[in-house]
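Here the structure comes first, spelled out in C-alpha cells, and everything after it is commentary.
The values are calculated or read from the model by the stated rules, or taken from the named source; none is laboratory data. As the structure is a prediction and not an experimental result, all values here were calculated from the model. In this analysis, Cβ positions are derived from the backbone assuming ideal geometry, glycine residues included, and neighbour counts consider all displayed protein chains. Surface accessibility is based on the protein's heavy atoms, side chains included, excluding ligands, DNA and RNA. Shrake-Rupley method; radii C 1.70, N 1.55, O 1.52, S 1.80 Å.
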Amino acid sequence: MRSTSGAPLTRLGFDVGGTKILGVATSDGDAAAQTLREVTPAGADNLVDTLVAMAHELAPATEPVTIGVGMAGLISTAGVVTVSPNLVGVDGATIGADLSAALGMPVSFDNEVNCAARWELQFGAAQGIRHGVMVAVGTGIGGAFMVDGEVLRGASGLAGEPGHMIVEAGGRVCPCGRRGCWEMYASGSALDRLAVERLGPGITGPDVTAAASVGDVGAQAVLHEFSHWLALGISNLCVLTDPEMVVIGGGISEDWDLLAGPVDEHLGEMLIGRTAESRPAVVRSEAGELSAALGAALGGAEGDSAAFGNPAEVA
C-alpha cells in the first residue's frame, strides 16, 4: 500500500502487554522493518503518552502512517477496555480513541491475541487453516479462536480469554480476582513462580530455560511440570473447538523447542477420541513475540491514514 504521493505507507503496530510494549514499523505487513520495546506504564494517560512517543520514534513526523494497537485484556467492540487484569489503571479506558485524538488520526484497537491470530492467518503458521486456536503465553495467557478463517469476536467482542478458564478449583488467586485460572499455572509469570518453588529464591523462568537448553536435569524437570499445565489448558480448548492447529505465541514461544516434546506427551495422555495422527498440530508462531504487534499493524492498515496530524489519502 502507498500514499497518493507514491511514498511507501508505513504501518505501525503496538502490542501492549502486562510488562512491556512492543512496537513495530512495517511496509508490507509480513515482517518488521524496525522494532521498539518499552516498559508498560501504569495508568491510561501514561500509556497513551508512551504510545505517542513510540509512534514518533518509529516513524518520522512527515511520513504517511497507519496505526493499530493490540492490548492484553477484554476489549469490547466499542473499543473499551472492559478489564485487563495484568495492566494497572486501564479498566474502563478507551485507549484507541484517546491515542487517535492525541495523534490526530484513526487508530485500530483490539485484543492483542486477536491481532496475532489475524497475522497468523494471513502471513504465518495458520495460512490455509479454517479452524484453529491461538494461545499467547506471556505475563498472562491470551487466546483467539479462528472459525472459518476469521477471528471470533463474540457477542460483545470479548471471546477468546482462555487464560481465565479454571483449571484448579480453589487454586491460586489470579489478578482477575478468581482462583485457579489457567494463567496462574502456565504463563511466563507462573514459570517464574514455579522456578522459585522448585529450584530456589532468585531463579527465574529465563534461568530455567537457559539451564534446560544445556541439559540441566532439575531445570528440565521444572519445564516438564510446567508443560503439564500448558497442555491441560490446550487440551480443554481442543475438546471444545476441535481445531486443526494450535498456534503458540507470546514470549514463551521463543523457547518452544524445549516445550514442544513435553507438551505433546501430555496432550497424548489428555485428549480423548484422537490418535496421534488426528490430534491438532501445536506449532510456534512464525513471528514469535512480534505476531501481535504485526497483526495490530494490519488492523491499522484497514482504516484511513494520516501523517501525524497532516491528512494523507491512501490510494
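Within this structure, Gly268 fails the test of being more than 30 Å from Gly295 (Cα to Cα) and not in a helix (DSSP H, G or I).
Among the residues of the stretch 271-299, count how many are open to solvent by 40 Å² or more (accessible area, probe 1.4 Å) and in a loop (DSSP other than H, G, I, E, B). Of the residues in that region, 9 qualify. Scanning for something within 16 Å of Ala101 (Cβ to Cβ) and in contact with a Ser or Thr (Cβ under 8 Å, 6 or more places away or on another chain), does the stretch 69-77 turn up at least one residue? Scanning the stretch 69-77 turns up at least one residue that is within 16 Å of Ala101 (Cβ to Cβ) and in contact with a Ser or Thr (Cβ under 8 Å, 6 or more places away or on another chain).
Cβ-Cβ distances below 7 Å connect the following pairs, each with a first residue in the stretch 171-185 that is among the β-branched types (Val, Ile, Thr), a second residue that is open to solvent by 10 Å² or more (accessible area, probe 1.4 Å) and at pLDDT 95 or above, and a separation of six or more residues or different chains: Val173/Arg179.
Could you identify the single residue in Arg11, Arg37 that is closer than 21 Å to Val90 by Cβ, out of contact with any Cys (no Cβ under 6 Å at 6 or more places or on another chain) and in a strand (DSSP E or B)?
Arg37
Does the stretch 144-158 include one or more residues that are open to solvent by 30 Å² or more (accessible area, probe 1.4 Å), in contact (Cβ under 8 Å) with a residue 60 or more places away in the chain and in contact with a Leu (Cβ under 8 Å, 6 or more places away or on another chain)? Yes, there is a match, as at least one residue in the stretch 144-158 is open to solvent by 30 Å² or more (accessible area, probe 1.4 Å), in contact (Cβ under 8 Å) with a residue 60 or more places away in the chain and in contact with a Leu (Cβ under 8 Å, 6 or more places away or on another chain). Any residue that is over 25 Å from Ser189 (Cβ atoms), out of contact with any Leu (no Cβ under 6 Å at 6 or more places or on another chain) and hydrophobic (A, V, I, L, M, F, W, C) - is there at least one of those in the stretch 79-94? Looking through the stretch 79-94, at least one residue is over 25 Å from Ser189 (Cβ atoms), out of contact with any Leu (no Cβ under 6 Å at 6 or more places or on another chain) and hydrophobic (A, V, I, L, M, F, W, C). Restricting attention to the stretch 84-114, the residues that are open to solvent by less than 50 Å² (accessible area, probe 1.4 Å) and aliphatic (A, V, I, L, M) total 9. Each residue in the stretch 5-23 was checked for being crowded, with 17+ Cβ neighbours inside 10 Å and more than 19 Å from the chain's Cα centre (by Cα), and 2 of them qualify. When the test is whether a residue is part of a strand (DSSP E or B), under 14 Å from Val135 (Cα atoms) and either at pLDDT 95 or above or more than 19 Å from the chain's Cα centre (by Cα) (or both), Ile234 does not pass it. The set of residues from the stretch 173-221 being in a loop (DSSP other than H, G, I, E, B), hydroxyl-bearing (Ser, Thr, Tyr) and surrounded by fewer than 20 Cβ atoms within 10 Å (Cβ to Cβ) comprises just one member, Thr204.
Of the residues making up the stretch 273-302, those that are more than 17 Å from the chain's Cα centre (by Cα), of a type in the set (A, V, I, L, M) and farther than 18 Å from Leu230 by Cβ number 2. Please determine whether any residue of the stretch 24-37 is among the hydroxyl-bearing types (Ser, Thr, Tyr), open to solvent by 20 Å² or more (accessible area, probe 1.4 Å), in contact with a Pro (Cβ under 9 Å, 6 or more places away or on another chain) and under 14 Å from Gly300 (Cβ atoms). There is at least one residue in the stretch 24-37 that is among the hydroxyl-bearing types (Ser, Thr, Tyr), open to solvent by 20 Å² or more (accessible area, probe 1.4 Å), in contact with a Pro (Cβ under 9 Å, 6 or more places away or on another chain) and under 14 Å from Gly300 (Cβ atoms).
Of the candidates Glu168, Glu225, the single residue that is open to solvent by 40 Å² or more (accessible area, probe 1.4 Å) and out of contact with any Gly (no Cβ under 9 Å at 6 or more places or on another chain) is Glu225.
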